[in-house]
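The values are calculated or read from the model by the stated rules, or taken from the named source; none is laboratory data. Keep in mind the model is a prediction, meaning the values are calculated, not measured. Glycine also receives a Cβ, built like all others from the backbone with ideal geometry; neighbour counts cover every protein chain displayed. With ligands, DNA and RNA removed, areas are computed over all heavy atoms of the protein, side chains included. Shrake-Rupley method; radii C 1.70, N 1.55, O 1.52, S 1.80 Å.
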Number of protein chains: 2
Amino acid sequence: MNKYGLHGKLQAKDGNGDALAAILLQASQLVSTAKGCHLYLVSKDAQNPDSIWITEVWNSKEDHDNSLQLDGVGALISQAIPLMADKPTKGLELEVLGGLPA
Amino acid sequence: MNKYGLHGKLQAKDGNGDALAAILLQASQLVSTAKGCHLYLVSKDAQNPDSIWITEVWNSKEDHDNSLQLDGVGALISQAIPLMADKPTKGLELEVLGGLPA
């Protein structure tokens, strides 16, 4: 079965891109140990330092949704929200066909 | 130094998404052995089976650009072009901050 992918942007308030990215990097540490997580990439838009992109690959959507209940994730989300310029949108849902590192 | 990321869409002609993805999966096998390649993910847009997304992470833009000269890549590109509805655009360039699998 193909894996579940998600690629979405979190827009930080002006000048808060690095602070938001730092929180998301903590989340990536936390979430990468979650069941079914293959990738939780944190990137900055090369053209806009306040646009932070998260690229995720999970065994299933269910594994992804469950990870939001992990201890510590809620606290990180509440740290991140005040730094955001807009309410996060779900992002692009992908059916991952292949190409993950072995 | 942060890694170089690229996330772009290749739009297949109607009904050609699977055929295009198959070629790109071959490319991902080839390219994943290239110097500096950490990720070459091939995904299908969950809402549009003819939209194929490539998510790449490289040590540098230079490594990415060099990979286009690899034996076999040119042949795959010429196989892919007739299946595409539009000329491919460069895609979103990203500064990858972290979260790659160990």
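What to note about this one:
- The single condition among (1) within 14 Å of chain B (Cβ to nearest Cβ); (2) part of a helix (DSSP H, G or I); (3) within 30 Å of residue B:19 (Cα to Cα); (4) more than 14 Å from the chain's Cα centre (by Cα) that residue A:18 does not satisfy is (3).
- Number of residues in the stretch B:21-48 that are in a strand (DSSP E or B) and among the basic types (Lys, Arg) equals 1.
- Residues (out of contact with any helix residue (DSSP H, G or I) (no Cβ under 6 Å at 6 or more places or on another chain) and open to solvent by 10 Å² or more (accessible area, probe 1.4 Å)) located in the stretch B:15-25: B:15, B:18, B:22, B:24, B:25
- Residue A:97 at pLDDT 95 or above and more than 20 Å from residue B:43 (Cβ to Cβ): no
- Applying the set (1) over 25 Å from residue B:45 (Cα atoms); (2) in a helix (DSSP H, G or I); (3) within 14 Å of chain B (Cβ to nearest Cβ) to residue A:79 leaves exactly one unmet item: (3).
- Filtering the stretch B:82-102 to residues that are at negative phi, surrounded by 13 or more Cβ atoms within 10 Å (Cβ to Cβ) and part of a loop (DSSP other than H, G, I, E, B) leaves B:85, B:88, B:100, B:101.
- Residue match in the stretch A:94-101 (condition: touching a residue at least 12 places away in the same chain (Cβ under 8 Å) and more than 10 Å from chain B (Cβ to nearest Cβ)): no
- Given (1) touching a residue at least 40 places away in the same chain (Cβ under 8 Å); (2) surrounded by fewer than 21 Cβ atoms within 10 Å (Cβ to Cβ); (3) within 12 Å of chain B (Cβ to nearest Cβ); (4) not hydrophobic (A, V, I, L, M, F, W, C), index of the condition residue A:60 fails: (3)
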